[in-house]
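Student: Input: one structure, supplied below.
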Amino acid sequence: MYQYDAIDQQIVDERVAQFRDQVGRRLRGEITENEFKPLRLQNGLYMQMHAYMLRVAIPYGLLSSEQVRKLAHIARTYDRGYGHFTTRQNIQYNWPRLVDVPDILAELASVQMHAIQTSGNCVRNTTADHLAGVARDEIEDPRPYCEIIRQWSTFHPEFAFLPRKFKIAVTGSRSDRAAVRVHDIGLRIVEQNGERGFEVLVGGGLGRTPRVTRKIREFLPREHLLSYIEAVLRVYNQHGRRDNKYKARIKILVDALGADGFREQVEAEWALIKDSALRLTDEEFERVRGHFAPPPYRTLPDSDGAVAAMSLGTDRGFGNWLKQNVKPHKVPGYSIVIVSCKPTGGAPGDVTADQLDGLANLAETHSFGKITVTHTQNAVLADVESSRLREVWQRLTELGLANPNIGTVTDMIACPGLDYCNLANARSIPVAQRISTTLDNADYLYDLGDLSLKISGCINACGHHHVGNIGILGIDKSGEEFYQLMLGGSAGEDASLGKIIGRAFPSDEIVEALEQVLALYIERRTSPEESFVAFYRRVGAAPFKERLYASA
Amino acid sequence: MPLPKLTSAPRTILKSGKLVADAWVHLGDDDALPATGDVLVSRERLLTQAEELAARRGAGHRVGVRLTTEDSAQTAAELLDRVDLVALYVPKFADGRFFTTARLLRERHGYQGELRVCGDVVPDQVFYMHRCGIDAFEVPGPRYRLEAALKALGTFSESYQGALDSGPRYRRARRSIARAS
Amino acid sequence: MTRLIVTGAATVDGRPIYMRRDGSWVDQLSKAAAVDQQDECDALLARARSDEGTVCDPYAIRVTVEGESVRAVSFREVIRAGGPTVAATV
Ligand code: SF4
């Protein structure tokens, strides 16, 4: 993984000093809360309902064991013993004190971490496929490119005050596990005539006006990565709307100009800068790529057959876990383990300090000391020798991180909702907890198959409800919590936005409504091979409406 | 309409890395033109009063234009031979268009004169502004804000991306790595 | 009948705090000044706004008062006063 050199370290150290000074000035009354707000936000420090919230950047989700231990230490020392993995591969702490935040940032800087640009109207953490480097369908590891983007975007002097926040995601695989089509810029690594480059997608996003990206470039040679992004940002910075924060994302500008109109502007700007110093050098690619060299794998026989055989063994708990939470690795003899942060009845994405420490140790002994956070609020041990899977399973079981539910409906995404979030209309976590408890039956879950459920506590859609096969959106009806059900969304390469099925359900009916939706699917699908989303696309909304609302 | 947070002369500004006395007068569109001194006017006034202002320059007084965040670098570039100074007026600090305008004026249109920012200037933005080519800063409010702005110029001693002060890091000579790993 | 209470987030740690009549702040809703009149509330609010060292973004909320018990009218404020409704974590 990327290792800071003296310059990287100096930049984060100076950031800590800067924020310490800013906090001091705020506490001395030299700057008002209004002036302080954008400064703290650019360090990921929000004000939530019960406390400040600090969002720490995890570039493209990748962490070393040492960093994970530091996150555990921070949770214990400055917070209430836990953290929360977010849908952008970051971690949030819910209870830091303002006066402690400079110290927390200093602790982070000591392990090459920071909270830079995790909020505010700037370029946010660049996310990537969580199976980067190990997926079988990968063309190239996207993380070196993410790191190049991270460096370019860090304190970019021209783009620190954009019309709105800006999110970039990169995938190097054919299947899209990074949800690139719902980002402001989505980049797909592609190959053309033996040359590496990117397909450039822009203007995706959720929130009030959900949009799937539009393609503005079929092939961008990789040396132009930064000049092209800079051109996109420059057009957006000048022409994005600033009069209405709900119309300020780049997707609205792309809507207004049309994909072609937007492309024309970007290409005109790009033509003026593509051969400037922004053009990346081979030397730089090599330097950064060197940091992501594969770990020293052992030469082992292929283990696909062995894993399949183990999963049919008599130990059902282990077998289920192998089937659901273990994925094939590109290197023979190794497996990818997805660590479920979705225990039955738990808050999706919450991890305790002890769990973090346990994960750090496990990564060290069994996965070359690395952990990746996924945008689905889980974690990945990417390089586990297949022959040691049982040990890993036992250890994860002890830690409460082995729920065999990856990809199933209880592997749901949920935002913090009204329990924490100032903007929320309704709670998300208690709904998630009730669903996970109600549906806690392995046979039933596996029969339902791959099915994504995503819950947001308001229209801002941090829980990505539009792109859940099933989405739940909390709304406020004269002071009471109601939930809308959306069906048919997808975040992958077949990205689509779900549609509201009908009137919202009160809190005590939403779980049953979900059960009805699932029951209908099971009764009427052509075979277990027909996925929920395929079924929905075939039959449409009508049968669901009938089932849910007929008696009313 | 009065422009919020515009400071009045004489004032102290941050210029070329120092706090200095400054006497440029911001004129509103209806304010009478004083007999002498350096004046800053809006783009509209610069164009409608073109002859008078040109004559004033001929007589040894300086004239500057005060652009808004609505004005693009292209618009500004067309005015450069009429002025001695370009000021970018920022109505709200979050309106970040002026960063692009400043940078393009320098990099694309070759403007070499004083590039000043005024209005809702927050000290903590000064580092970014400076990298975009702004070299003079009117900071409204108490003196400690001006001092904070001066300090903010030196917040970071390194940067990743290219701007007015340096090229991108990957094109600079690599500094030796201080920390042993 | 509903009354008004001035609240905000404590500058030091962001916890919800509520204003008393003398301008000091308490953590419990029930110990805050619950006033009847809008102008009383406005006066408290003005005072709160000048106390940025203690409180961020103060605003007024509606509460119902029955004897000793004070309850916020909006569900959001009920949760804010009582803490998250979910256990800290697993
Ligand atoms: S979706 Fe709404 S409620 Fe949930 S975290 Fe985002 S802003 Fe808060």
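The values are calculated or read from the model by the stated rules, or taken from the named source; none is laboratory data. Quantities reported herein were computed from a predicted structural model and do not represent experimental measurements. Please note: Cβ atoms are built from the backbone with ideal geometry, for glycine as well, and neighbour counts cover all protein chains shown.
Student: Only one of A:351, A:337 is in contact with a Phe, Trp or Tyr (Cβ under 9 Å, 6 or more places away or on another chain), buried (at least 22 other Cβ atoms within 10 Å of the Cβ), within 14 Å of chain C (Cβ to nearest Cβ) and more than 22 Å from residue A:469 (Cβ to Cβ). Can you tell me which?
Tutor: Testing whether each residue is in contact with a Phe, Trp or Tyr (Cβ under 9 Å, 6 or more places away or on another chain), buried (at least 22 other Cβ atoms within 10 Å of the Cβ), within 14 Å of chain C (Cβ to nearest Cβ) and more than 22 Å from residue A:469 (Cβ to Cβ) leaves just A:351.
Student: So, one more: What pairs come up if the first residue lies in the stretch A:409-422 and is farther than 25 Å from residue A:488 by Cβ, the second is hydroxyl-bearing (Ser, Thr, Tyr) and near the ligand (Cβ under 8 Å from one of its atoms), and their beta carbons are under 8 Å apart, counting only those six or more places apart or on different chains?
Tutor: From residues that are farther than 25 Å from residue A:488 by Cβ, the pairs are A:416/A:428; A:418/A:428; A:419/A:428.
Student: From the list A:514, A:520, A:485, which residue is more than 15 Å from the ligand (Cβ to nearest atom), in contact with a helix residue (DSSP H, G or I) (Cβ under 7 Å, 6 or more places away or on another chain) and not in a helix (DSSP H, G or I)?
Tutor: Checking each option against the conditions leaves just A:485.
Student: If you don't mind, there's one more thing I want to ask. If the requirement is being in contact (Cβ under 8 Å) with a residue 12 or more places away in the chain, more than 24 Å from the chain's Cα centre (by Cα) and part of a helix (DSSP H, G or I), which of these qualifies: A:307, A:331?
Tutor: Criteria check complete, one pass: A:307.
Student: Tally the residues that are closer than 14 Å to residue A:507 by Cα and buried (at least 20 other Cβ atoms within 10 Å of the Cβ), restricting the search to the stretch A:459-480.
Tutor: 3
Student: When only residues in the stretch A:449-459 that are more than 14 Å from chain C (Cβ to nearest Cβ) and out of contact with any Leu (no Cβ under 6 Å at 6 or more places or on another chain) count, which is nearest to the ligand (Cβ to nearest atom)?
Tutor: Checking each candidate, the answer is A:459.
Student: Follow-up. I want to confirm something. Restricting to the stretch B:91-115 and keeping residues that are in contact with a Phe, Trp or Tyr (Cβ under 7 Å, 6 or more places away or on another chain) and buried (at least 24 other Cβ atoms within 10 Å of the Cβ), which single residue is farthest from the other protein chains (Cβ to nearest Cβ)?
Tutor: In this case the residue turns out to be B:105.
Student: Let me spell it out: the conditions are (1) within 14 Å of chain B (Cβ to nearest Cβ); (2) surrounded by fewer than 23 Cβ atoms within 10 Å (Cβ to Cβ), and residue A:117 meets all of them except one. Which number is the exception?
Tutor: (2)
Student: Here is a follow-up. Just wondering, is there one or more residues in the stretch A:187-203 that are part of a helix (DSSP H, G or I) and out of contact with any His (no Cβ under 6 Å at 6 or more places or on another chain)?
Tutor: no
Student: Return the residues of the stretch C:51-90 that are free of Cβ contacts under 8 Å to residues at least 12 places away in the same chain, within 30 Å of residue A:344 (Cα to Cα) and more than 7 Å from chain A (Cβ to nearest Cβ); say none if nothing qualifies.
Tutor: Once the filter is applied, which keeps residues that are free of Cβ contacts under 8 Å to residues at least 12 places away in the same chain, within 30 Å of residue A:344 (Cα to Cα) and more than 7 Å from chain A (Cβ to nearest Cβ), the stretch C:51-90 yields C:78, C:82, C:87.
Yes/no matrix, rows are residues, columns are (1) surrounded by 15 or more Cβ atoms within 10 Å (Cβ to Cβ); (2) modelled with pLDDT of 95 or more; (3) at the interface with chain A (Cβ under 10 Å from one of its Cβ atoms):
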site: B:53; (1), (2), (3): yes, yes, no
site: B:60; (1), (2), (3): no, no, no
site: B:63; (1), (2), (3): yes, yes, no
site: B:67; (1), (2), (3): yes, yes, no
site: B:87; (1), (2), (3): yes, yes, no
site: B:129; (1), (2), (3): yes, yes, yes
site: B:138; (1), (2), (3): yes, yes, no
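Student: Another question, if that's okay. Take the residues of the stretch A:408-444 that are surrounded by fewer than 21 Cβ atoms within 10 Å (Cβ to Cβ) and away from the ligand (no atom under 16 Å from the Cβ): which is nearest to the other protein chains (Cβ to nearest Cβ)?
Tutor: A:434
Student: Can I ask one more? Of all residues being in contact with a helix residue (DSSP H, G or I) (Cβ under 8 Å, 6 or more places away or on another chain) and either facing another protein chain (nearest Cβ under 9 Å) or within 16 Å of residue C:8 (Cα to Cα) (or both) in the stretch A:23-34, which is surrounded by the fewest Cβ atoms within 10 Å (Cβ to Cβ)? Just the residue, please.
Tutor: Residue satisfying both the conditions and the ranking: A:27.
Student: I've got another one for you. Any residue in the stretch A:3-21 that's more than 7 Å from chain B (Cβ to nearest Cβ): show its pairings with residues that are basic (Lys, Arg) and in a loop (DSSP other than H, G, I, E, B) at Cβ separation under 6 Å, as long as the two are six or more apart or on different chains.
Tutor: Close Cβ pairs satisfying both conditions: none exist.
Student: Another one. Starting from the stretch B:9-20, take each residue that is under 23 Å from residue B:34 (Cα atoms) and list its partners that are among the small types (Gly, Ala, Ser) and surrounded by 16 or more Cβ atoms within 10 Å (Cβ to Cβ), counting only C-beta distances under 8 angstrom and pairs at least six apart or across chains.
Tutor: B:13/B:136
Student: Kindly check whether there is at least one residue in the stretch A:86-93 that is outside any strand (DSSP E or B), charged (D, E, K, R), surrounded by fewer than 23 Cβ atoms within 10 Å (Cβ to Cβ) and touching a Leu at 6+ places or on another chain (Cβ under 9 Å).
Tutor: No: the stretch A:86-93 contains no residue that is outside any strand (DSSP E or B), charged (D, E, K, R), surrounded by fewer than 23 Cβ atoms within 10 Å (Cβ to Cβ) and touching a Leu at 6+ places or on another chain (Cβ under 9 Å).
Student: Inside the stretch A:244-283, can you point out the residues that are in contact with a Gly (Cβ under 6 Å, 6 or more places away or on another chain) and crowded, with 21+ Cβ neighbours inside 10 Å?
Tutor: Matches in the stretch A:244-283: A:249, A:250, A:251, A:253, A:254.
Student: How many of the residues in the stretch A:35-57 are hydrophobic (A, V, I, L, M, F, W, C), more than 10 Å from chain C (Cβ to nearest Cβ) and more than 22 Å from the chain's Cα centre (by Cα)?
Tutor: Here the count works out to 1.
Student: Surrounded by fewer than 19 Cβ atoms within 10 Å (Cβ to Cβ) and closer than 22 Å to residue A:350 by Cβ: which single residue out of A:68, A:111, A:101, A:56 fits that description?
Tutor: That would be A:111, the only listed residue that is surrounded by fewer than 19 Cβ atoms within 10 Å (Cβ to Cβ) and closer than 22 Å to residue A:350 by Cβ.
Student: Among (1) modelled with pLDDT of 95 or more; (2) out of contact with any helix residue (DSSP H, G or I) (no Cβ under 8 Å at 6 or more places or on another chain), there is one condition residue A:435 misses while meeting the rest; what is its number?
Tutor: The number of the failed condition is (2).
Student: When residue A:395 is evaluated against the numbered criteria (1) crowded, with 22+ Cβ neighbours inside 10 Å; (2) free of Cβ contacts under 8 Å to residues at least 60 places away in the same chain; (3) assigned to a helix (DSSP H, G or I), which criterion, by number, is the only one it fails?
Tutor: Checking residue A:395 against (1) crowded, with 22+ Cβ neighbours inside 10 Å; (2) free of Cβ contacts under 8 Å to residues at least 60 places away in the same chain; (3) assigned to a helix (DSSP H, G or I), the one that fails is (1).
Student: When you go through (1) within 14 Å of another protein chain (Cβ to nearest Cβ); (2) surrounded by 17 or more Cβ atoms within 10 Å (Cβ to Cβ); (3) assigned to a helix (DSSP H, G or I) one by one for residue B:45, which number turns out not to apply?
Tutor: For residue B:45, the failing item is (1).
Yes/no per residue for (1) out of contact with any helix residue (DSSP H, G or I) (no Cβ under 8 Å at 6 or more places or on another chain); (2) without any contact (Cβ under 8 Å) to a residue 24 or more places away in the chain; (3) not in a loop (DSSP other than H, G, I, E, B):
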{"residue": "B:116", "(1), (2), (3)": "yes, no, yes"}
{"residue": "B:128", "(1), (2), (3)": "no, no, yes"}
{"residue": "B:140", "(1), (2), (3)": "yes, no, no"}
{"residue": "B:170", "(1), (2), (3)": "no, yes, yes"}
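Student: If you don't mind, there's one more thing I want to ask. Can you go through A:150, A:164 and tell me which one is charged (D, E, K, R), in contact with a Lys or Arg (Cβ under 6 Å, 6 or more places away or on another chain) and either assigned to a loop (DSSP other than H, G, I, E, B) or within 13 Å of chain B (Cβ to nearest Cβ) (or both)?
Tutor: The match here is A:164.
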